[in-house]
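Student: One structure follows; several queries about it will come next.
The values are calculated or read from the model by the stated rules, or taken from the named source; none is laboratory data. All values reported here derive from a predicted model rather than from experimental measurement. Here the Cβ positions follow ideal geometry from the backbone for every residue, glycine too, while neighbour counts run over all protein chains shown.
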Amino acid sequence: MVSVASRWRLAVAAVAMAATAACAEPQLQPWAGKGTPPLVRADLAGRTIDLKDFRGRVVLVNFWATWCDPCREEMPSFERLRAKLRGKPFEILAVNYGESSAKVSEFVRKEGLTLPVLLDPDKDAAGDWSAKGLPITFLVDARGQVRYWVFGERDWSGADSVRDVEKLIAEVPGAGH
């Protein structure tokens, strides 16, 4: 017969395992889509930014919105990742999902963000990239091919994320590896 204390310990262990699984970061998944979707959008200064112009660099493309709590939580980790990889062939493009330039500019200013922010007010780019939920992030290699994607919030400055990005950077000719 199992004692009450044993049942209690088993219950606590089950709850701890469930909590750990619930808090685990979503893992990068290999991209199974056909080719890399186009991404040509205006940034907050009105300049047209084309993903094709970033060939030779690894690019993290993130779809987000100011009303999305996980998106807002994730933003500082993009800034930290960008700082860790400064000087390497790497860039982040944060594509805002459906909001006005004024709203996005205010958020970026208030949060002190410095990464490039592109606007997708009509959500066409999100549709092209099959971004059906937020946040969703794609890693594009230096040849311009989407290699990985992940749905959900991640700490992009954490060791696993940095390692994943650095693996792609190591493939860039002359990246100093």
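Student: Would you please name the residue that is modelled with the lowest pLDDT, looking only at residues in region 15-58 that are of a type in the set (S, T, N, Q) and over 25 Å from K103 (Cβ atoms)? Talk me through it step by step, then tell me what you get.
Tutor: Our first condition is that a residue be of a type in the set (S, T, N, Q); within region 15-58, this holds for 20, 27, 29, 36, 48.
When the remaining residues are screened for being over 25 Å from K103 (Cβ atoms), the result is 20, 27, 29, 36.
Working: T20: 35, Q27: 94, Q29: 96, T36: 97.
Only one residue tops the list, namely T20.
Student: Taking region 58-79, which residues are more than 14 Å from P116 (Cα to Cα) and out of contact with any Phe, Trp or Tyr (no Cβ under 6 Å at 6 or more places or on another chain)?
Tutor: W67, C68, D69, P70, R72, E73, E74
Student: Something else about it: If you check G87 against the conditions, is it touching an Asp or Glu at 6+ places or on another chain (Cβ under 8 Å), surrounded by fewer than 19 Cβ atoms within 10 Å (Cβ to Cβ), of a type in the set (G, A, S) and at positive phi? Give the derivation first.
Tutor: Values: touching an Asp or Glu at 6+ places or on another chain (Cβ under 8 Å): no; surrounded by fewer than 19 Cβ atoms within 10 Å (Cβ to Cβ): yes; of a type in the set (G, A, S): yes; at positive phi: yes.
Against the criterion (touching an Asp or Glu at 6+ places or on another chain (Cβ under 8 Å), surrounded by fewer than 19 Cβ atoms within 10 Å (Cβ to Cβ), of a type in the set (G, A, S) and at positive phi), G87 does not qualify.
Student: Among E153, E74, E99, E91, which is the only one that is assigned to a helix (DSSP H, G or I), in contact with a Pro (Cβ under 8 Å, 6 or more places away or on another chain) and modelled with pLDDT of 95 or more? Break it down into steps so the answer makes sense when it comes.
Tutor: Working: E153 fails: assigned to a helix (DSSP H, G or I); E99 fails: assigned to a helix (DSSP H, G or I); E91 fails: assigned to a helix (DSSP H, G or I).
Residue meeting the stated conditions: E74.
Student: Looking at A102, A65, which is the one that is of a type in the set (A, V, I, L, M) and more than 18 Å from the chain's Cα centre (by Cα)?
Tutor: Details: A65 fails: more than 18 Å from the chain's Cα centre (by Cα).
Of A102, A65, the one residue that is of a type in the set (A, V, I, L, M) and more than 18 Å from the chain's Cα centre (by Cα) is A102.
Student: Further question on the same structure: Of all residues in region 120-156, which are surrounded by fewer than 18 Cβ atoms within 10 Å (Cβ to Cβ), polar (S, T, N, Q) and within 16 Å of I92 (Cα to Cα)?
Tutor: Result: Q145, single match.
Student: Under 8 Å between Cβ atoms, at least 6 apart or on separate chains: pull out the pairs that start in region 32-57 with a residue that is among the hydroxyl-bearing types (S, T, Y) and end on any residue that is in a loop (DSSP other than H, G, I, E, B) and surrounded by 13 or more Cβ atoms within 10 Å (Cβ to Cβ).
Tutor: Close Cβ pairs satisfying both conditions: T36/G144.
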